[in-house]
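Below you'll find the structure, written out as structure tokens, and then a few comments.
Each value in this text was obtained by applying a stated rule to the coordinates, not by laboratory testing. Keep in mind that what you see is a predicted model, and the values were worked out from it rather than measured. Here the Cβ is made from the backbone with ideal geometry for all residues, glycine too, and neighbour counts use every protein chain on show.
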Amino acid sequence: MIASILPSISPGSLLAGGVTATAASLWLLLPRGRSAAADRTARWLGWLVGVVALASFVATGHRLGSVGEEAVFLIVALVAVISGAATVVSRSPVYAAIWFAMALAGVAGVLLVLGGQFLGVATIVVYAGAILVMFLFVLMLAQPAGLAPYDRVSNEPLLAAVAGAVLLGILSLSIGRLTAEPPACCLMGGTKAALLNGSGSAAEPATAAAAGIDMLADNHVARLGGELFGRHLLAVEVAGVLLLVALIGSIAIISRGVADAEPAVARRVAP
Amino acid sequence: MSLFADVVAPAPLVLNGLVVGAILFALGLVGILARRNLIVMFLCAELMLQGISVSLVSWSRHHGDWGGHVLVIFVLTVAACEAAVALVFVLQAFARTGRLDAAAWQALRESNLSRTIDRELPAIDTVPPKFPKLTPAGIEPAADEDALLEREHV
């Protein structure tokens, strides 16, 4: 759709535009201690520019062959990316945590589409179910009433936004170099028709067949478990020890620190 | 003959997955650099880990083996450990300063960096959020004096 609107733009300029729009959008969206009205305007502008950035990244994406697959991937990827951006720019840390849960849902969807059924579910269970709840516990314990001043300002928002966008541009460039085919937006007529007819996904069965493993076959979890507890058994044991050490360490730190911090409790009320 | 002559170009789905991973990683990086709330910084680090997970699973699909999946499982494990230990540190930092502010620890900065000074912020309209309430019924119990002293907002 977007591909047919923008037939003649080169992928490089589209990427450059997307990266610039990303930087501008994040710079507008990050909290900078403005008054309420200016903040609202900047946020609106920021989300608008962000939509432009997203559109250019969608346009540089590659066609997947079937419309259904494309639609599903697009939806889950947009949920992940938009919620991720909202996590970064939310003023209130509680909202940031909730948006992060939404981003996790999107990431789980992306993992499912990419063939990681177990990991998609594990992300929801472990991250959203356990780690995020721990974050919310700490927020409930430590968040002062209302919006704290340090939540309304950022460290060097311009430099941070530019740094992130430059990193994104470099990564997208090197990802684009992995394939000789130009993205779907910028193809000449004949090649585009050939790609839309399904040759775009031709490389995938070849790759999987070359390695002799079909990731999407039956018994996904059983085979993943076989790999994990077969080839990586020692690493699993080490991970178990790491969990135990983290548990003991955090208990030791918090029990010692409570005694140390007693005199400071009186200061706690002042923001 | 090129070293990579027999390398198959990644499938379109793999490329798109890599781009999504890169975007999530870059967003998390911006958050780490810019935000000052310790917990939001931590959430942004987790967002970067999510971007890495998406990239790893994409490469796993490309190569057709389980290495990426197994590595993501270990990323989950280490993220859980890291969250436990780091949140304890955040709680300690809060107990000492009363703030979740990274700038509260700016005494630890490099000697050639200037001090972060907070300017006076313009007031924001503090409209309290409206939550649904049940219709009161029965007799109102006597107010607990101790409960009134506690913070009503956390």
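Per-structure values
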{"quantity": "Over chain B: Kirkwood hydrodynamic radius from C-alpha pairwise inverse distances, Å", "calculated": "20.8"}
{"quantity": "With at most 11 other Cβ atoms within 10 Å, longest stretch of chain B clear of loop GluC sites (Glu not before Pro) (DSSP)", "calculated": "B:1-109"}
{"quantity": "Cα gyration tensor category, rounded, prolate or oblate, for the range B:12-102 with a/c compared to 1.5", "calculated": "oblate"}
{"quantity": "Three-way shape label, the range A:1-157, alpha-carbon gyration tensor, a/c 1.5", "calculated": "oblate"}
{"quantity": "Angle between chain B longest axis and helix B:67-97 axis [Cα atoms, degrees, rounded to 10]", "calculated": "30"}
{"quantity": "Spacing of the two label points (7 Å from each Cα toward its C-beta) at B:E110 and A:I75, in nm", "calculated": "4.8"}
{"quantity": "Relative contact order %, the range B:12-102, counting alpha carbon pairs below 8 Å whose residues are six or more apart", "calculated": "30"}
